[in-house]
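Let me begin by presenting the structure, written as structure tokens, before commenting on it.
The values are calculated or read from the model by the stated rules, or taken from the named source; none is laboratory data. Not measured: the values here are computed from a predicted model. Neighbour counts are summed over all protein chains in view; Cβ atoms, including those assigned to glycine, are modelled from backbone coordinates with ideal geometry. Calculation scope for accessible area: heavy atoms of the full protein, side chains included, ligands and nucleic acids excluded. Shrake-Rupley method; radii C 1.70, N 1.55, O 1.52, S 1.80 Å.
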Amino acid sequence: MIVPKTYDLIILGAGPAGLTAGLYGSRAGLKTIVLDPKNPGGQMLLTDDIYNYPGHPDGITGQKLADLFLKQAQKYGCEVLNRAGSVQLAQKDDHFIITARDAAYQSDAVIVATGCSPRRLGAAGEKKFSGAGVSYCAVCDANFFEDLEVVVIGGGDSALEEAAYLSRLCKHVHIIHRRNQFRASDACQCLVRNLKNVSVIWDTVVEKFQGDDLLESVHLSKTDGSKKWDLNVNGAFIYVGQIANTAFLPDSVDIDPAGWIITNEKLETSVRGLYAAGDVRQKDV
Ligand code: NAP
């Protein structure tokens, strides 16, 4: 049997919320550990330049900001376990037992800061071409599409920011949006407004991703059914929202119908000792 290591505070997720909690916990003198399935940084790592984080008027890369968050938390003694794989959370008496990467950790207090992941579009061929033309991360994959044509699917801030990023490398970026106006903020709409190699196809959805081994085209349909056609592209970047990473939580944790964790103003969940912070929480942005 694995003997759990005891902590005052265990934080799940090393994105901005998790590393901030790690900084505050360790500075408050709590023996604190942050566990992350991947590398520290969370969704900061999916963004090239970040211009709206206070204190960085000229912007900062997501990777650099993530490194600074990590360094600052560790400076005060916060332990950070990367690539912890999938974590399991169990409750025993008044404390929680977390198992991750063949080790166990126990604490009376756990903060869930596991954030969210890109929502899948659900179109035919999406799974088949994932990693073969279909991507959810422009910063990770844009280089594969240098001087090629791509589509960006979605009309929110993420879609427009990443379309602007892709326009620097790709020959042409087609934004496919299901309505005739963007959900994105004015600031994000400005990023693409005057770019010559970015165009928008309104009131349209992608029905199918097509090709042999690699993506070659998308099959498009007007939302009113008036037209269906193929558009030849090498890449498709999907930005149709996010889903909360809560699959590992027990049923005793209250979650709203969309999957976000319900907390009160103290960030307490419905389970005593279990808190939630960051994107995984139900909130208005
Ligand atoms: P979002 O705001 O939820 O936008 C999702 C977009 O995808 C919407 O335009 C939506 O269309 C579309 N969509 C959803 N399901 C679809 C489907 N099945 N088929 C086709 N289109 C679909 O998501 P997000 O852009 O990832 O942003 C998430 C949050 O992060 C937002 O609060 C955003 O403000 C924030 N964010 C902020 C920044 C920044 O401040 N710089 C950058 C990125 C993200 P409809 O519009 O028709 O619903």
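Against the conditions (1) assigned to a loop (DSSP other than H, G, I, E, B); (2) at pLDDT 95 or above, PRO250 satisfies every one except (2). Taking the numbered list (1) part of a strand (DSSP E or B); (2) within 12 Å of the ligand (Cβ to nearest atom); (3) among the hydroxyl-bearing types (Ser, Thr, Tyr) in turn, SER217 passes all entries but (2). Checked against (1) within 20 Å of ASP36 (Cα to Cα); (2) in contact (Cβ under 8 Å) with a residue 40 or more places away in the chain, LYS64 passes all but condition (2).
Rundown of residues vs (1) among the polar types (S, T, N, Q); (2) over 19 Å from the mean Cα position of the chain (by Cα), yes/no style:
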position	(1), (2)
TYR24	no, yes
GLY29	no, yes
THR32	yes, yes
ASN39	yes, no
GLY62	no, no
LEU70	no, no
VAL80	no, yes
GLN91	yes, yes
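Quick grid of which residues meet (1) at pLDDT 95 or above; (2) under 23 Å from the mean Cα position of the chain (by Cα):
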site: ALA138; (1), (2): no, yes
site: PHE145; (1), (2): yes, yes
site: VAL152; (1), (2): yes, yes
site: ALA184; (1), (2): yes, yes
site: VAL206; (1), (2): yes, yes
site: SER217; (1), (2): yes, no
site: LEU220; (1), (2): yes, no
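Which of the residues belonging to the stretch 180-190 are more than 9 Å from the ligand (Cβ to nearest atom), open to solvent by 50 Å² or more (accessible area, probe 1.4 Å) and either under 14 Å from GLY241 (Cβ atoms) or part of a helix (DSSP H, G or I) (or both)?
Answer for the stretch 180-190, where residues must be more than 9 Å from the ligand (Cβ to nearest atom), open to solvent by 50 Å² or more (accessible area, probe 1.4 Å) and either under 14 Å from GLY241 (Cβ atoms) or part of a helix (DSSP H, G or I) (or both): ASP186, CYS190.
In the stretch 94-115, which residue that is charged (D, E, K, R) and within 15 Å of LEU274 (Cα to Cα) is modelled with the lowest pLDDT? Per the stated criteria, the residue is ASP94.
For the stretch 16-34, indicate whether the set of residues that are exposed (fewer than 15 other Cβ atoms within 10 Å of the Cβ) and closer than 28 Å to ASN143 by Cβ is non-empty. No, the stretch 16-34 contains no residue that is exposed (fewer than 15 other Cβ atoms within 10 Å of the Cβ) and closer than 28 Å to ASN143 by Cβ. The strands (runs of 3 or more DSSP E) located wholly in the stretch 79-179 include none with 2 or more residues which are free of Cβ contacts under 8 Å to residues at least 40 places away in the same chain, acidic (Asp, Glu) and open to solvent by 10 Å² or more (accessible area, probe 1.4 Å).
Of note, GLN74 satisfies the criterion of being open to solvent by 30 Å² or more (accessible area, probe 1.4 Å) and at pLDDT 95 or above.
Taking GLY225 as the residue in question, decide whether it is open to solvent by less than 30 Å² (accessible area, probe 1.4 Å), closer than 26 Å to LYS127 by Cα and part of a loop (DSSP other than H, G, I, E, B).
It is false that GLY225 is open to solvent by less than 30 Å² (accessible area, probe 1.4 Å), closer than 26 Å to LYS127 by Cα and part of a loop (DSSP other than H, G, I, E, B).
Taking the condition of being within 11 Å of the ligand (Cβ to nearest atom) and farther than 16 Å from PHE209 by Cα, how many residues in the stretch 135-162 meet it?
Start the filter on the stretch 135-162 by keeping residues that are within 11 Å of the ligand (Cβ to nearest atom), which leaves 136, 152-162.
Okay, now just the ones that are also farther than 16 Å from PHE209 by Cα, so 155-162.
Residues that pass the stated criteria total 8.
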